[in-house]
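The values are calculated or read from the model by the stated rules, or taken from the named source; none is laboratory data. What you are looking at is a predicted structure, and each value in this text was computed from that prediction instead of being measured. Cβ placement follows ideal geometry from the backbone for every residue including glycine, while neighbour counts extend to all protein chains displayed. Areas reflect the complete protein model, heavy atoms only, side chains present, ligands, DNA and RNA absent. Shrake-Rupley method; radii C 1.70, N 1.55, O 1.52, S 1.80 Å.
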Amino acid sequence: MNAPTKSQPPAMQAMLDEMLRIAGDDAHRPGVMEQLAAVMKKAVADPQLLAALGAATGENPDLYGSMTDPGLGIMGVHSSKIGYREPHDHGACWAINVQVAGKLRLVHWTQDGVDPATGKVRLRKIDEIVMGPGDVDCSPPGVAHELYPESDDSIELAVRCHSLASIIQNRYDRTNGVHIHWSWGQKKAVETGQFEVVGEAGLNARPPGEAMTARVK
């Protein structure tokens, strides 16, 4: 069972306790993602808790668990340190993003088959939102999210149901159209290919050039 990295303020500890109760031994059960998101949405309606969450991740980004610990994990992501992140999913696992400070633009993508002529994976936009303090977003299994900090002070909580070391991610570099199957456990791409953006006009605009370097290591 994971454990907090250090003692937490009462409101933060109450949130974590309720999340752990809901997650149980398997946070991948149907309905768990939605219940956890609701708990966090209610908790971060308190401005003082938002400030405490931002402060708690200032020196150590892992608020709860780590990338290698099994089970539920919560990490603070500071845009000034991480920057833009290319579209990526969490394999068969879900992800929850909670905005703590600043603004973040989040775009959801999904695979839409394979082009029979070229063999390229088709990537289609689902929706796009701009998140501010207290906003909560869910990415179900198989749904990729692309994250653009809209302010330098953007801080979010990245919540995951399983250790990143145990999954294979789909990552999409929109600067060169490369589709990567990334293994956190092996710290390498286990397979590569090509993809293309399909759907509504304008989605092929090039993202920031640091797409493949400014990411969570």
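Just so you know, in the range 1-24 the residues that are surrounded by fewer than 13 Cβ atoms within 10 Å (Cβ to Cβ) and among the polar types (S, T, N, Q) include one that is modelled with the highest pLDDT, and it is 13.
Can you go through 52, 38, 27 and tell me which one is outside any strand (DSSP E or B), closer than 19 Å to residue 160 by Cβ and open to solvent by less than 30 Å² (accessible area, probe 1.4 Å)?
Working: 52 fails: closer than 19 Å to residue 160 by Cβ; 38 fails: open to solvent by less than 30 Å² (accessible area, probe 1.4 Å).
Testing whether each residue is outside any strand (DSSP E or B), closer than 19 Å to residue 160 by Cβ and open to solvent by less than 30 Å² (accessible area, probe 1.4 Å) leaves just 27.
In this entry, residue 81 passes the filter for residues that are part of a helix (DSSP H, G or I) and at pLDDT below 90. Looking at the range 92-127 only, could you name the residues that are closer than 28 Å to residue 64 by Cα, open to solvent by 20 Å² or more (accessible area, probe 1.4 Å) and not basic (Lys, Arg)? Those that are closer than 28 Å to residue 64 by Cα, open to solvent by 20 Å² or more (accessible area, probe 1.4 Å) and not basic (Lys, Arg): 92, 101.
For the range 184-210, a residue qualifies if it is closer than 26 Å to residue 167 by Cα, modelled with pLDDT of 65 or more and assigned to a loop (DSSP other than H, G, I, E, B), and the qualifying residues are 184, 185, 186, 187.
Every listed requirement among (1) under 20 Å from residue 151 (Cβ atoms); (2) open to solvent by less than 30 Å² (accessible area, probe 1.4 Å) is met by residue 88 save one, (1).
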